[in-house]
Each structure stands twice: as structure tokens, then as C-alpha cells.
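Heads up: the structure comes next, in C-alpha cells.
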Amino acid sequence: MIDATGHVELIREVFRYTQAFQGKTFVLQLDDSIVLRSTVTSLMRDLVLLHRTGIRIVIVAGARQRIDEILERYNVACEKHRGVRISSPEAIPFIKMAAFDSANRVMTSLAGQGVNAVIGNWVRARSLGVVDGIDFQDAGAVDKIRVDLLRGVIDQGAIPILPCIGWSASGKPYNVSSRQLATELAVALQATKLFFLAEIDPLSANRYTLDPDMDTTPEGRISRLTVDQATRFGVLNEGLADDLGCELVGLGLRAAKRGVERVHIIDGRSQGVVLREIFSNLGVGTMVHANQYESIRAMTRADVPDVYRLMQPLVRRGLLVSRSESDLHEQMEDYVVFETDGMVHGCAALHIYDESQAEIAGLAVDDDYEHFGIGQRMVQFLLEVAQRAGLHQVFVLTTQASDWFEQLGFRHASVEDLVPIKRERYDHSRKSRVLIYDLA
């Protein structure tokens, strides 16, 4: 018999996300280097699993590597400028051959999983023309996407696959970037998520210049970037010419600014990477997000079990005073929670005693999320609440976190500095240290 106790939270998280994403649209751009790998069967199996849970999957098939192979085989020269292929009329038939070959590989793999997939001509393109004195010939940009036709295919239960080819109004084919096509497609479909799957190592602080407020995991992976942070990321790293990570962050920023909720940059070589990125708040790649990914809000009755669970490890370690679920219900109006995608990962309370003093108490953060600065954000939020309420001081009682509170601007004080009601209730057996933040 398998003991699933340690996986309960993961199971809950998966079910929560599955319900939240049902009926939503995910656009996935797959570099053909990923499609050509032996692990593509596993990837397609995961995409089919998502499809069968009610998520609307749309795939853009990249073909850069395959185009290079076909052009070399037939001895057709095509130069690139700033990563864009200068596509001559002589090369276009071979580029089309490679693009549809890559799309067919995706369709064949999906068919092997028992799912209908359709390769279609849903993209109208226009010529890139001459840029910086360079004539890109038959390289194109997305002009319009036939969203109505695409949605019709999706509504029939099939997975659309778009090759990196677009056609003009007169039927002329153009070679378009699959990554830019996926970006435009996600915007046009109002997708909830856009994924870029490439042969790319996780974006890391070791490679890129970051601002201090950009979130990284303990291993240094850039876990997520807001629109503002992604903008600054581009400026800080503009010297990295032709860097794939910078290109994808830039495309993610473009999509996020235009309404795509979340853009995920992930290493497509890793097994199960899409599922791990979706069904985990921490993810495995880098996310550029436009919506309110994380929020501090008032605690509700439905949050009480999660808050109680969050506090127990800290109670056992002597960091928090024990509180029952009944206690939390009684003081519910004092508490706020830190929520990510419907999951509570932090909590804290602001107990106001009189017109001059309040206490921050019950501060707890999920161990897996401590490095994201959630505790500091909640404390700063509550300090602002106290300031708006016209209070003069906020105090904390702590046994082991005095250094941390000092870094936030609290100063050491004594029990005699507390309001009378708190002095009377002070537990001398715990010998908690008193720290005060002066709002004035």
C-alpha cells in the first residue's frame, strides 16, 4: 500500500489548477530541436493529458533546425541578420517543406496518442521588407490570424498546429518566426498561457544582470518577472547580442503587455517540464506575468484550515504561540493571507490595541516560499495599514527573529514600552524580545 501523505499538498495543487484552467487556452511554441528529440513522445502525452482535462491546446511548430538541414541538403544559401533568415524566393519552397515536415512530426506524435490534430492555413502574413538597409525578401511578419476558423477547430475537439509559414492576401507564402507567430497567436486568442519550449538552460542570475527585487530561487533561477521587471531586465542585459533568453523574455513582455496572463520560458529537454511548470507555484522555468500573480488579502473563514496548517511547524519549533482554529475564527478580521493562484502560502495579523499601538503577530510563511520575501511583504503591508489608521507604533514579540525585524527597521524595546493590556498579558516564561517600529 502506497503512503501518499507526503504528496497530499501536491495532489491538492494539481486539482486546484486543473479546475482553474478548464476551458482556458494554452499556446505552445515548440522549437523543432525539441520535436526531433526522443522525449517528444512524453511531451505529447502530457499535452494530450492537458487537452483531455478541458484545456484548449494550440501548437506552433518551430522549424529553424529543420530548415537549416533542408537548405544545406539542397545547397541553397540563406543568410541571417539579427537572427532573422533572409528568405529568397528560391529558398521558400524548401523552407515550406521543412516547416510542414516539422508540423507533421507534431501531428503524427499527437495521433499516436489518439488525439485529432489539424495543420492549417490560419495566418495571413506580410513582407518584412527592407530593415536597416537589409532586404529580407520573402521573410514575413504576422498580419492577421483567422481566429474564427481556429476556434472552430478547437471547438470540434482537435488540436490546431501552425507551421511557421504565412500567406499574403494574394496567396504568396512567407517565412515567419515561429516564436513571433506564437506571441501574436496568444494575443489574438486571448490565451491564458503562452509557453516557449526550447533547448535552453534555466535563466539564471549567474548569466544575467538583475535588479535586487527580481525573484530568484536558492539555485539562482529567475523564477518570475513582472512586466516592469521584464522591461528592466531587457535594459540591463541589452549587451547580450543574439541571446535566446533575452529574446524570449522580450517576446514574453510583448505578450504580457497585450493581455496574455502568463508567459513561460522552459527547457523542453526536461521530462514532464510542462506539467511541472503548470502544476506548481514555484515552477521550473521563468514566467513573465501581467496579471496579479500574488496578492495579500483579508483572511476568510475558508482560509482558516490552511492558516492553521501553515502555523503548526513554527509552533512546534517555538517560533509562534499556539493558536487553535477557534482562535483564528475569533480574530479573523485581524489576519491577512498571502495567496498565490488560490493557494495560501503566508499569513500575519495586525492586532490594534488603542489609538497609538498595534501588534504584528502570527506571521508564518510556507518553508518552500521563504526566499521570495513573502514575510517582508506582509510586514510592510501591515505597517502601511497601521500608518493609514493613524497609529504611532507597531510592536512585535519574537523569540528568534529579532535580527530579521531589525533589518526591517524595528528597534529593541522593553515590556514597559507596551500598552497596558499587552503588558498584563505578556508571557514571562517565553521571554520574548520586544521590538517596536516607529511609524512617525
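The values are calculated or read from the model by the stated rules, or taken from the named source; none is laboratory data. This structure is a prediction, so every number in the text was calculated from the model and none was measured. All Cβ positions, glycine included, derive from the backbone under ideal geometry; neighbour counts span all protein chains shown.
None of Val147, Val153 is over 24 Å from Glu79 (Cβ atoms) and either in contact with a Gly (Cβ under 8 Å, 6 or more places away or on another chain) or of a type in the set (Lys, Arg) (or both) except Val153.
Restricting attention to segment 224-245, the residues being touching a residue at least 24 places away in the same chain (Cβ under 8 Å), part of a helix (DSSP H, G or I) and in contact with a helix residue (DSSP H, G or I) (Cβ under 9 Å, 6 or more places away or on another chain) number 3. Across segment 30-46, the number of residues qualifying as touching a Leu at 6+ places or on another chain (Cβ under 7 Å) and not β-branched (Val, Ile, Thr) comes to 4.
Matching residues to (1) farther than 27 Å from Ser42 by Cα; (2) not acidic (Asp, Glu):
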{"site": "Lys257", "(1), (2)": "yes, yes"}
{"site": "Arg262", "(1), (2)": "no, yes"}
{"site": "Val273", "(1), (2)": "no, yes"}
{"site": "Glu277", "(1), (2)": "no, no"}
{"site": "Gly285", "(1), (2)": "no, yes"}
{"site": "Ile296", "(1), (2)": "yes, yes"}
{"site": "Thr300", "(1), (2)": "yes, yes"}
{"site": "Tyr308", "(1), (2)": "yes, yes"}
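Of everything listed in (1) touching a residue at least 12 places away in the same chain (Cβ under 8 Å); (2) within 24 Å of Leu251 (Cα to Cα); (3) not in a strand (DSSP E or B), the single unmet condition for Val288 is (3). The condition (being surrounded by fewer than 19 Cβ atoms within 10 Å (Cβ to Cβ), part of a helix (DSSP H, G or I) and either in contact with a His (Cβ under 6 Å, 6 or more places away or on another chain) or of a type in the set (A, V, I, L, M) (or both)) is satisfied by just one residue among Ala302, Ala386: Ala302. Taking the criterion of being surrounded by fewer than 13 Cβ atoms within 10 Å (Cβ to Cβ) and under 23 Å from the mean Cα position of the chain (by Cα), the only residue of segment 54-81 that qualifies is Gly54. Please go through (1) charged (D, E, K, R); (2) surrounded by 20 or more Cβ atoms within 10 Å (Cβ to Cβ); (3) under 25 Å from Asp155 (Cα atoms) for Asp138 and return the number of the only condition it doesn't satisfy. For Asp138, the exception is condition (3). All conditions in (1) closer than 28 Å to Asp213 by Cα; (2) out of contact with any Cys (no Cβ under 6 Å at 6 or more places or on another chain) hold for His392, with the sole exception of (1).
Looking only at residues of segment 138-190 that are under 27 Å from the mean Cα position of the chain (by Cα) and among the polar types (S, T, N, Q), we find that the one that is farthest from Val260 (Cα to Cα) is Ser177.
So that you can scan it fast, the table gives a plain yes or no per residue for (1) touching an Asp or Glu at 6+ places or on another chain (Cβ under 8 Å); (2) part of a helix (DSSP H, G or I); (3) not assigned by TED's automatic domain parsing to the domain that holds Gln387:
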{"site": "Pro313", "(1), (2), (3)": "yes, yes, no"}
{"site": "Gly318", "(1), (2), (3)": "no, no, no"}
{"site": "Asp327", "(1), (2), (3)": "no, yes, no"}
{"site": "His345", "(1), (2), (3)": "yes, no, no"}
{"site": "Ala349", "(1), (2), (3)": "yes, no, no"}
{"site": "Glu355", "(1), (2), (3)": "no, no, no"}
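Against the condition within 24 Å of Glu370 (Cβ to Cβ) and among the aliphatic types (A, V, I, L, M), how does Leu408 come out, does it pass? It is true that Leu408 is within 24 Å of Glu370 (Cβ to Cβ) and among the aliphatic types (A, V, I, L, M).
Answer yes or no as to whether Asp306 is closer than 22 Å to Ala349 by Cβ and either without any contact (Cβ under 8 Å) to a residue 40 or more places away in the chain or charged (D, E, K, R) (or both). So Asp306 passes the test.
When each of Glu247, Glu277 is tested for being assigned by TED's automatic domain parsing to the domain that holds Leu50, crowded, with 16+ Cβ neighbours inside 10 Å and out of contact with any strand residue (DSSP E or B) (no Cβ under 8 Å at 6 or more places or on another chain), the lone residue that passes is Glu247. Summed over segment 250-274, residues that are surrounded by fewer than 18 Cβ atoms within 10 Å (Cβ to Cβ), farther than 19 Å from Ser178 by Cβ and either in contact with a Leu (Cβ under 9 Å, 6 or more places away or on another chain) or not polar (S, T, N, Q) (or both) total 4.
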